[in-house]
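Beneath this line is the structure, given in structure tokens, with notes to follow.
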Amino acid sequence: MIRFNCDYCEGAHERILNKLVETNMEQTPGYGNDRFCAEAAQMIRDLCKKPEAAVHFLTGGTQANLTVIAAALRPHQGVLCSEAGHIAVHEAGAVEATGHKVLGLSAPDGKITAQQVKQAYVDHINDESYDQIVKPGLVYISQSTELGTTYSKAELEEMYRVCKECGLYLYVDGARLAYALGAEGMDVDFEVLAANCDVFYIGGTKVGALFGEAVVILNDALKTDFRYIMRQEGGLVAKGRLLGIQFSELLRDGFYIETGRRADRLADEIRKACEDRGYPFLVPNNTNQIFPVIPDAVLESWKDKYAFAYQCRVDESHSAVRFCTSWATRPEDVKALADDIRNS
């Protein structure tokens with residue numbers, strides 16, 4: 001079975017495993033107060049050109065999301081996001097379990113717009129029952145989105161401008177940030193991202209780490225007592241060094257973005273095969289997730305050879321599915337799939 005169903009099927013990149021073995025018997029303080037976390041945090045500040053940024057390491061994306069949102073919002077506030085956003089669909093109500101409603105906005109391509117955010121804010125303040133309705137307090141977007149699309153520099157700048165105008169925090173989920181930053185034609189880098197949001201995280205779990213996400217807080221108002229919230233949400237890891245080591249290796253020498261770029265280029269080969277065969281896409285994009293619309297009979301014939309994710313039914317005989325490349329995808333597996341697509 002060749003797996004294209006997600007970007008975390010394998011364990012970890014060997015450079016991370018080697019470093020973990022090399023440093024295994026070194027004694028360090030706990031809870032992220034070690035030299036490895038300090039080094040990784042400084043690398044992130046340097047990449048972002050934000051020496052004042054607060055950096056915290058958590059184990060997973062859902063944990064990062066609920067911790068940031070719990071720290072940012074008051075009890076009566078909610079989160080604006082795409083209806084397809086990870087916190088709205090694939091986190092089992094984790095954010096809402098902390099008492100904050102997720103306020104979904106229509107986004108066929110996975111991206112919400114600054115205009116939608118502004119309208120949601122205006123609609124709330126102009127409602128005569130405004131004080132009986134959950135108040136938007138934070139905007140959540142993903143880079144890249146659940147549908148593999150990305151926000152440009154101009155879109156991020158406009159979103160952040162509107163958020164500041166409306167008194168909303170802007171939070172960017174970066175679970176697949178490497179694949180966004182490595183995309184062809186992308187004009188967003190760490191510095192641009194850090195200049196246009198209040199808080200974001202750098203994903204490691206989907207980009208070669210065993211586990212881990214690095215939360216980067218730019219807004220001073222969100223820095224106070226964040227570690228208390230981490231502790232409450234189970235995010236303050238005793239062996240925090242394991243996260244620092246992984247991020248130091250991921251971010252060294254441009255490896256993080258190069259890893260994303262490699263996966264994106266492999267995805268392009270699958271994308272090109274679909275185009276050659278005449279299969280349309282549910283959503284056009286240029287990152288590591290591909291969403292072709294393929295006859296059900298073809299998909300059935302592949303079920304014992306390939307693992308892929310079902311997305312939605314398109315008509316009575318076609319479905320949209322997701323093929324996902326990653327840091328570990330083998331070129332020979334991509335070629336096999338591309339050949340089968342062209343010959344289907």
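The values are calculated or read from the model by the stated rules, or taken from the named source; none is laboratory data. Keep in mind that this is a model prediction, so the values were computed, not measured. Don't worry about glycine lacking a Cβ; one is built from the backbone with ideal geometry, like all the others, and counts go over all protein chains shown. Note: accessible area is taken over every heavy atom of the protein model, side chains too, but ligands, DNA and RNA are not part of it. Shrake-Rupley method; radii C 1.70, N 1.55, O 1.52, S 1.80 Å.
Restricting the first member to the range 53-71 and to residues that are on the phi < 0 side of the Ramachandran plot, and the second to residues that are open to solvent by less than 20 Å² (accessible area, probe 1.4 Å) and of a type in the set (Ser, Thr, Tyr), the beta-carbon pairs closer than 7 Å and six or more apart or on different chains are LEU58/THR67; ALA64/TYR201; VAL68/TYR171. Does the range 96-116 hold any residues that are open to solvent by less than 50 Å² (accessible area, probe 1.4 Å) and either under 30 Å from PRO284 (Cβ atoms) or within 19 Å of the chain's Cα centre (by Cα) (or both), and which are they? Within the range 96-116, VAL102, LEU103, GLY104, LEU105, ALA107, GLY110, LYS111, ILE112, ALA114 qualify.
Tell me, yes or no, whether the range 210-221 has at least one residue that is farther than 18 Å from GLY61 by Cα and part of a helix (DSSP H, G or I). Yes, there is a match, as at least one residue in the range 210-221 is farther than 18 Å from GLY61 by Cα and part of a helix (DSSP H, G or I).
Residues of the range 296-312 that are in a loop (DSSP other than H, G, I, E, B) and either of a type in the set (Asp, Glu) or in contact with a Cys (Cβ under 7 Å, 6 or more places away or on another chain) (or both): ASP304 alone. Scanning the range 157-191 for residues being crowded, with 18+ Cβ neighbours inside 10 Å, within 18 Å of ILE257 (Cα to Cα), in contact with a helix residue (DSSP H, G or I) (Cβ under 7 Å, 6 or more places away or on another chain) and without any contact (Cβ under 8 Å) to a residue 40 or more places away in the chain gives a total of 2.
Filtering GLY85, GLY78, GLY93, GLY30 for residues that are touching a Ser or Thr at 6+ places or on another chain (Cβ under 7 Å) and either farther than 24 Å from VAL117 by Cβ or open to solvent by less than 30 Å² (accessible area, probe 1.4 Å) (or both) leaves a single hit, GLY85.
Checked against the criteria, GLY204 counts as under 15 Å from LEU47 (Cβ atoms) and open to solvent by less than 10 Å² (accessible area, probe 1.4 Å). Of all residues in the range 1-27, those being touching an Asp or Glu at 6+ places or on another chain (Cβ under 8 Å) and open to solvent by 20 Å² or more (accessible area, probe 1.4 Å) number 5. Among the residues of the range 35-61, the ones that are hydrophobic (A, V, I, L, M, F, W, C) and in a loop (DSSP other than H, G, I, E, B) come to 1 in all.
Of all residues assigned to the range 65-82, at least one qualifies as being in contact with a Pro (Cβ under 7 Å, 6 or more places away or on another chain) and among the hydrophobic types (A, V, I, L, M, F, W, C).
Every test in (1) open to solvent by 20 Å² or more (accessible area, probe 1.4 Å); (2) under 20 Å from the mean Cα position of the chain (by Cα); (3) more than 25 Å from ASN5 (Cα to Cα); (4) aliphatic (A, V, I, L, M) is passed by LEU236 save one, and that test is (2). Selection of the range 224-252 for residues being in a helix (DSSP H, G or I) and either modelled with pLDDT under 95 or closer than 23 Å to LEU73 by Cα (or both) yields PHE226, ARG227, TYR228, ILE229, MET230, ARG231, GLN232. Looking across the range 288-316, just one residue is crowded, with 16+ Cβ neighbours inside 10 Å and without any contact (Cβ under 8 Å) to a residue 24 or more places away in the chain, and that is LEU299. Selection over the range 257-295 of residues that are in a helix (DSSP H, G or I) and in contact with a Gly (Cβ under 8 Å, 6 or more places away or on another chain) gives a count of 8. The requirement of being surrounded by fewer than 18 Cβ atoms within 10 Å (Cβ to Cβ), farther than 17 Å from SER248 by Cα and touching a helix residue (DSSP H, G or I) at 6+ places or on another chain (Cβ under 8 Å) is fulfilled nowhere in the range 54-64; no residue meets it.
The sole residue among TYR130, TYR151 that is open to solvent by less than 10 Å² (accessible area, probe 1.4 Å) and either more than 13 Å from THR113 (Cβ to Cβ) or of a type outside the set (Val, Ile, Thr) (or both) is TYR151.
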